Each structure stands twice: as C-alpha cells, then as structure tokens.
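Here, each number is a calculation from the coordinates, and none is a lab measurement. Since we're looking at a predicted model, the values are computed, not measured. Positions of Cβ are backbone-derived with ideal geometry, glycine not excepted, and every protein chain shown enters the neighbour counts.
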Amino acid sequence: MFIHYGLYAVHGRHEWAMCYERIPRAEYRKAVARFKPRVGCTREWVKLAKAVGMKYACLTTRHHEGYSLFDSPANKFNAFRTGPRRDLVREFVDSCREVGIRPCLYYSVADWSDSGFVAGPKEDPRGWKRFVEIVHAELKALMTNYGEIDYLFYDGCPPDARVWRGAEINTEIRRLQPNILISDRCCMDEDIASAEQHTMGPGKPWECCMTMNDSWGYNSTDEDWKTPRQLVKVLLTCMHNDGNLLLNVGPKPDGTIPATCVRTLRQISQWAARNAEAVYGTKGNPFAYADQKLSVYRDRTAYVPLHFYHGPDTVVAGIGNRVRSARVVGTGKAVRFRQRDGRVSLIGLPETMPDRPFTVIALELDGPPRGIPHPLMGQGRAKYE
Ligand code: GLC
C-alpha cells in the first residue's frame, strides 16, 4: 500500500496543486490549521493493508510541498511543530509493527517550499547548500529514529545526484539501515527499479506504483477510479514479470481512506484470497513462448489467468508439458480438458466465468513448465535477420 498524505490532502485538488496552480507559499501553508489527522488513522491504513493481503506500506514522509510529517531536526515546517503537533511517521511505523506490515518510507528531495531548492545551485549556491543539508539531516533522522525501515522510496531527485551528494547520503543510509532496499528513483543504480503507472519486463527487481484514480494525494473531484478487474490485471502483469505492485491510496484531510478505495481493495482482496496459491510466492513467465501472457507457476503447477473467457471453447496454447489435470483455482473445481499439439482445450469450463473479475486455471504438469516456441512470434524474428 502506497499512502500519499500531507497538506495536499487538505487542499484536496491533487498533490501537485501548489505547483500547477502556482499557489503562493504563504497561502498554501494556511492549510496547516485544517490538517487534523484523526487519532489512530495510521493504524486504520495499515490494518486495511493487512486485511486486503498487502505485505508492506509506504508513507510519504514529505512530498514536494516540503511539509515533513515527522519531528524534523532541520525543517520547522513539520507536523510535529505546526498543525497536529504529532509525529505521524512514528505513528505510522508503530502501527506497521503492531499490525505486522513492513514499514517503508517515501521521501521527496524536491521541496517547493525551500527557496534554495527553487532557485537551484547555480543561482543560489548558498541556499542550495543549506537545502542539501536539510535533506541529509532529514534522511538521517528518518533512518535513525524509527527502528528498522524496509524500503526507502525516493522521489523528486535532481537527475545529477552529485548536486545533492546522493551517493554520500545513500552510503550513510546503508550504514544506519544495513537491510534496507533503496529505490532507483534517486537517479543512481540502487536496489529497486521503479515504474510509475506502468509495468516492466523481468530483470532487476522492480516495483510498479499505481494510483486507483488519477491522483496520488486526495483529490475531491477525481472520480476516475479504475475497476477491480483493471487493477487485478495490473497485479497479474506484475506477477507475470516478477515485479511488485505498490497500490496507492490518498487519505482525506482527516486521514480517512476514500470509500471507493476501500470497496475496490476489498473486492480485489477477496479475489486474491480465493486465488492465494497463484498470487503469493509464485514465479513469472512459466512458458516463455506461450500465448498466455499473464501466467505464473510454482514447481509443476502453472497458473493461467484467462484474459479472454470463451467458456468451454477456451484454449490455452503453447504448453510443452503433458497436462495431468486442470482446475479453476478460485472454486477448486476440476475442469475436463483435451490436449493436442500443445493446445489445451478446457472443454469442461462453464459458459459463464466461474471466478470474477478473473478466472485463473491451475494446470498440473508432468514436470517444470516448458513452452513451445511460437512459429509466428518471438524467435520467429530470427528468420528475417
Ligand atoms: C511522481 C509525482 C508524485 C507522486 C509520485 C509517485 O513523480 O511527482 O506526485 O508522489 O511520483 O510515484
């Protein structure tokens, strides 16, 4: 679960409003008086994350607006000094530990409230130096004061890491947090490649972060919600390509997660619970050449989500193994099938989809999954070169 929470929630018009609408700093800051997180809201977030089957949660400790949600040693514009007078990072991390969710922190280097950052290192070298010192001091505090942090999600980093001494602070962070994972968003080659609003192919460990509507922070008029099926498809695509999904929620000013988010998450999680054996601990891309783009596997079992459902006419192609049995994962029902020339016809499937929003078929194979090279795709290219 990705959690975007800050003063932008009070403004309620997208977390980039300060920049997009050129809201003067002093005016923007007035929102502090209305920033009133309900007591216990961090616990509600991570309890929901846990209940819907998520394994880690990542909170925006400060976004581009420059309001730190924690007791910052270097930036007075923070939730401990002004506004709620609470350290929300501490509340969040404590809640994660209590509920059994791994705590991860997002930190934006970019700070629209800092004149040194806004002017840049060429125009205001002194101001820039001070800005970089604040960034380093805040990151050190985040990595020192809250126990073990699993993952640091950087954002808003100047592309040349030398200007903010990125390598130096990352070395320090690894000294303070030997087990941490750091995202590549700092524009250096770190542990996790980050894909924003899209998925990637297999390779270096990667994570896709995605919004459920079109805003990361709370946006009162953004009703462009993705459907449970769309989000399950994203999850399946991540699984198939060995990536993680970091799905975002933008709590309201009082810390409540919008009802549509909660409803959709619960729908997805019911599906994920029925399909848990396919969703957790599987590996991606069992057949390499097969036409089933979303499949995953464990040992000799392949899990094939049916992207297009054709009832008893459904065919899974490109399977090089002998299939011993087939069943619908979500209902446990065995499916009669016929296998010829690498094509498995699932003739026992009912006319209507037995599991929504996605039906996943488990195929028990005679050995580790083997795909049949496709004569028209992939390898076929070599023919022309
Ligand atoms: C972006 C945006 C931002 C959001 C984030 C999430 O770069 O600036 O608003 O927090 O990435 O990945």
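Summing charges over all other residues whose Cβ lies under 14 Å from the Cβ of Asp313, with Lys and Arg as +1 and Asp and Glu as -1, gives +2. Mind running the shape call on the range 1-143? Use the C-alpha gyration tensor, a ≥ b ≥ c as the square roots of the eigenvalues: rounded below 1.5 for a/c, prolate if a/b tops b/c, oblate otherwise. It is prolate, given that a/c is not under 1.5 and a/b is the larger ratio. Our estimate of slack between Cys187 and Ala273, defined as 0.36 nm per intervening residue step minus the Cα-Cα distance, is 27.3 nm. The aspartates and glutamates within cross-link reach of Lys122, meaning a Cα-to-Cα straight distance under 20 Å and a gap of 8 or more places when in the same chain, are Asp111, Asp114, Glu133, Asp160. For the residue pairs Lys55/Lys293; Lys129/Lys204; Lys50/Lys333, the C-alpha atoms sit more than 31 angstrom apart in Lys129/Lys204. Estimated from helices alone, the mean residue ellipticity of the chain at 222 nm is -8500 deg cm²/dmol (sum of -39500 (n - 2.57) over DSSP H runs with n ≥ 4, per residue).
Relative protection proxy for 66-72, 48-54, from highest mean packing down: 66-72, 48-54 (other beta-carbon atoms within 10 angstrom).
DSSP beta bridges confined to the range 2-274 are antiparallel in about 5 percent of cases. Using a cut-off of under 14 Å, list every residue of the range 83-120 whose amide N is near the label point 7 Å from the Cα of Lys36 along the Cα-to-beta-carbon line. Output list for this probe position: 83-85. Mean-square fluctuations from a GNM of the chain, with a 10 angstrom spring cutoff on Cα atoms, peak among Leu105, Leu181, Leu236 at Leu181. Hey, in the GNM for the chain with a 10 angstrom Cα cutoff, which one of Pro159, Pro286, Pro375 fluctuates hardest? Greatest mean-square fluctuation among the candidates belongs to Pro375. Listed by chain and number, the lysines placed with their C-alpha closer than 24 angstrom to that of Lys30 are Lys76, Lys252; residues fewer than eight positions away on the same chain are left out. For the range 273-365, GluC sites (Glu not before Pro) are listed when DSSP marks them as loop and at most 15 other Cβ atoms sit within 10 Å of their Cβ; the list is Glu351.
Got a sec? Charge dipole of the range 2-274, +1 on Cβ for Lys and Arg, -1 for Asp and Glu; which of Tyr154, Ala119, Thr221 is way out at the positive end? In the range 2-274, that residue is Thr221. Each Cα pair under 8 Å and six or more residues apart adds its separation to the average, and for the range 2-274 the resulting relative contact order is 22 percent. What separates the Cα centres of the range 25-88 and the range 212-262 is a distance of 19 Å.
Gain on full extension, evaluated as 0.36 nm per residue between Glu351 and Lys47 minus their Cα-Cα distance, stands at 105.6 nm.
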